[in-house]
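Here is the structure we will look at, set down as structure tokens.
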């Protein structure tokens, strides 16, 4: 995986340098995500890695499956990756593009796991607090999990903030045992 990320990094950077418009970046992110899903699917990959299938056909299949929203530049990228036998790095390329874009544009995604859905006002307030704490704009992705009992668990990259009742009980239990 680390080798795939290393191989994908120059492609992700090149796309970011060439595509500067936010809506075009959204299009590229969706397109790369679609390609990553195709390449990650075992049945699709078996079809694409058939030794009887030439590179031109591979590019045509991927282009038709993912669409042509990225135009000639997208087709050129697929041709280049196919010629260099690097189509398997597409999942890493999609992930790196997303990460590098977020870093360049100064935002972060935060996964928020709560026991029950939060109302809009509380979501907005949580977003403001996290934005201040992280020093950047945040995009919140909410998920419910009744097993956490109460509170919230927040993940932003390597940072994890466990404000759940389950987490507090586990910490209390550990403190009592030591």
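The values are calculated or read from the model by the stated rules, or taken from the named source; none is laboratory data. This one's a predicted model, so the numbers in the text were calculated from it and none came from an experiment. Please note: Cβ atoms are built from the backbone with ideal geometry, for glycine as well, and neighbour counts cover all protein chains shown.
Values as computed for the structure displayed
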read-out: Selection count, segment 130-158, where residues are touching a helix residue (DSSP H, G or I) at 6+ places or on another chain (Cβ under 8 Å) and over 19 Å from residue 105 (Cα atoms); value: 9
read-out: Options 158, 145, 162; residue that is surrounded by fewer than 13 Cβ atoms within 10 Å (Cβ to Cβ) and within 29 Å of residue 98 (Cα to Cα); value: 158
read-out: Residue list for segment 15-36, filter: surrounded by 14 or more Cβ atoms within 10 Å (Cβ to Cβ) and out of contact with any helix residue (DSSP H, G or I) (no Cβ under 8 Å at 6 or more places or on another chain); value: 24, 27, 30
read-out: Selected residue (only one of 101, 133, 137 is surrounded by 12 or more Cβ atoms within 10 Å (Cβ to Cβ), touching a residue at least 60 places away in the same chain (Cβ under 8 Å) and within 30 Å of residue 9 (Cα to Cα)); value: 101
read-out: Subset of segment 115-130 (residues that are buried (at least 18 other Cβ atoms within 10 Å of the Cβ) and within 21 Å of the chain's Cα centre (by Cα)); value: 130
read-out: Residue match in segment 52-59 (condition: crowded, with 18+ Cβ neighbours inside 10 Å, under 30 Å from residue 132 (Cβ atoms) and not assigned by TED's automatic domain parsing to the domain that holds residue 163); value: no
read-out: Breaking point among (1) touching a residue at least 60 places away in the same chain (Cβ under 8 Å); (2) buried (at least 16 other Cβ atoms within 10 Å of the Cβ), for residue 62; value: (1)
read-out: Selected residue (only one of 40, 49 is more than 30 Å from residue 147 (Cβ to Cβ), in contact with a helix residue (DSSP H, G or I) (Cβ under 9 Å, 6 or more places away or on another chain) and modelled with pLDDT under 95); value: 49
read-out: Test: residue in segment 25-35 that is more than 14 Å from residue 101 (Cβ to Cβ) and in the same structural domain as residue 92 (by TED's automatic domain parsing); value: yes
